[in-house]
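In what follows, a structure is listed as structure tokens, so that the remarks can point back to it.
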Amino acid sequence: MAVSVDTVYQKVLALANKEQRGYITPQEFNLFADQAQMEIFEQYFYDTNQFKRASGNDSEYHDMVDLIDEKLYSFKKNDLVGDMDPLTTFPNLYKLGDVYALQSGYTPNTNDPFGNSVCVEEIKQEDLIKTQNSPLTRATNNRPIYYIENNQFRFFPASAPNSGSYRIFYIVKPAKPNWTYLIDSSNQNALYNSNATDHQDFELHPSEEPKLVIKILQLAGVNMKDYNLAQLAGQKEASVKQQEKQ
């Protein structure tokens, strides 16, 4: 699932030009699009914390925490990782989740998939000596630990217990949207080119298309010093947020 970058661009242009407010270039649009997408994406985590403090909704399609989790589903990843593996090997890593020491031969399809698998506790690097010098807190096969230094994992024990493996669960950030184009030689207009190798649609849930249009219009209004446009877009955004939280 994705949101067409061209659909959003055409809607933004149509609304911005409705009252001759000005033209938004592809370069400007791409900058605004990335900013808008990341603002919406980051808001998921704040909203999740807020909605978890509120009473839930038993309806299958109306619980806000579940709806946000659905929007984040495609961004949730997990990978095997070894001692001193750099975080940069995980493209677009945005938020690190749980880390597990999985038993040898782990597979979710076995009769006892979890067996000796345990959650690995993260500690601060400055607490390492204190932790490892105490018999009560020292890392063991039943209680492995890790810390991150210079974007690298450091595990204790270095190899996963029981001949197993370490696996991290994490969230990646969406790729930067990119409205790609060719220049029409006859009039120098930009023509949409979806076949470009660096073309990129928005990676957000399709339901976020209206929010993207509103946010980009708001950013464009500020850029063009058209504060009426920015204000109108801001009012529409506030109305959408209010509707979601009712």
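Just so it is clear, none of the values below were taken in a lab; they were calculated from the coordinates. All of these numbers come straight from a predicted model, not from anything done at the bench. Don't worry about glycine lacking a Cβ; one is built from the backbone with ideal geometry, like all the others, and counts go over all protein chains shown.
Using each residue's phi in the range 150-155, evaluate 6.51 cos²θ - 1.76 cosθ + 1.60 at θ = phi - 60° and report the 3J(HN,Hα) Karplus result to the nearest Hz, with x for Gly and Pro.
6, 6, 10, 6, 10, 9
List the residues, sorted by chain then number, that are 5 or more residues from residue 81 or on another chain and whose placed amide H is less than 5 Å from its amide H.
166, 167, 168
Sort 23, 170, 94 so the one with the fewest other Cβ atoms within 10 Å of its own Cβ comes first. Show your work: numbers first, answer last.
Values: 23 11, 170 20, 94 16.
So the ranking, lowest neighbour count to highest, is 23, 94, 170.
Report ³J(HN,Hα) in whole Hz for each residue of the range 170-179, in order, from the Karplus equation J = 6.51 cos²θ - 1.76 cosθ + 1.60 where θ = phi - 60°; Gly and Pro get x.
After applying 6.51 cos²θ - 1.76 cosθ + 1.60, I find 8, 10, 9, 8, x, 5, 5, x, 8, 7 Hz.
Sorting 205, 199 on the 10 Å Cβ count, fewest up front, what's the list? Mind showing how you got there, number by number?
Details: 205 19, 199 16.
Starting with the residue having the fewest Cβ neighbours, the order is 199, 205.
Kindly rank 214-220, 126-132, 27-33 from highest to lowest mean number of other beta carbons found within 10 Å of each residue. Don't jump to the answer; show the numbers that get you there.
On the way: 214-220: 24.1, 126-132: 12.3, 27-33: 18.9.
The packing order, highest mean first, is 214-220, 27-33, 126-132.
Would you mind getting me the FRET efficiency between residue 191 and residue 42? Use the beta-carbon distance for r and R0 = 45 Å, nearest 0.05. Write down the numbers at each step before the final one.
Values: r = 33 Å, r/R0 = 0.73.
So, using R0 = 45 Å, E works out to roughly 0.85.
Can you list residues from other chains, or at least 5 along the same chain, whose modelled amide H is less than 5 Å from the amide H of residue 94?
171, 172, 173
Sticking to Cα atoms, compute the Rg of the range 93-172 to one decimal and its Dmax as the biggest Cα-Cα distance, whole number, in Å.
13.3, 40
Tell me, 7, 88 in order of fewest to most beta-carbon neighbours within 10 Å?
Ordered by Cβ neighbours within 10 Å, fewest first: 88, 7.
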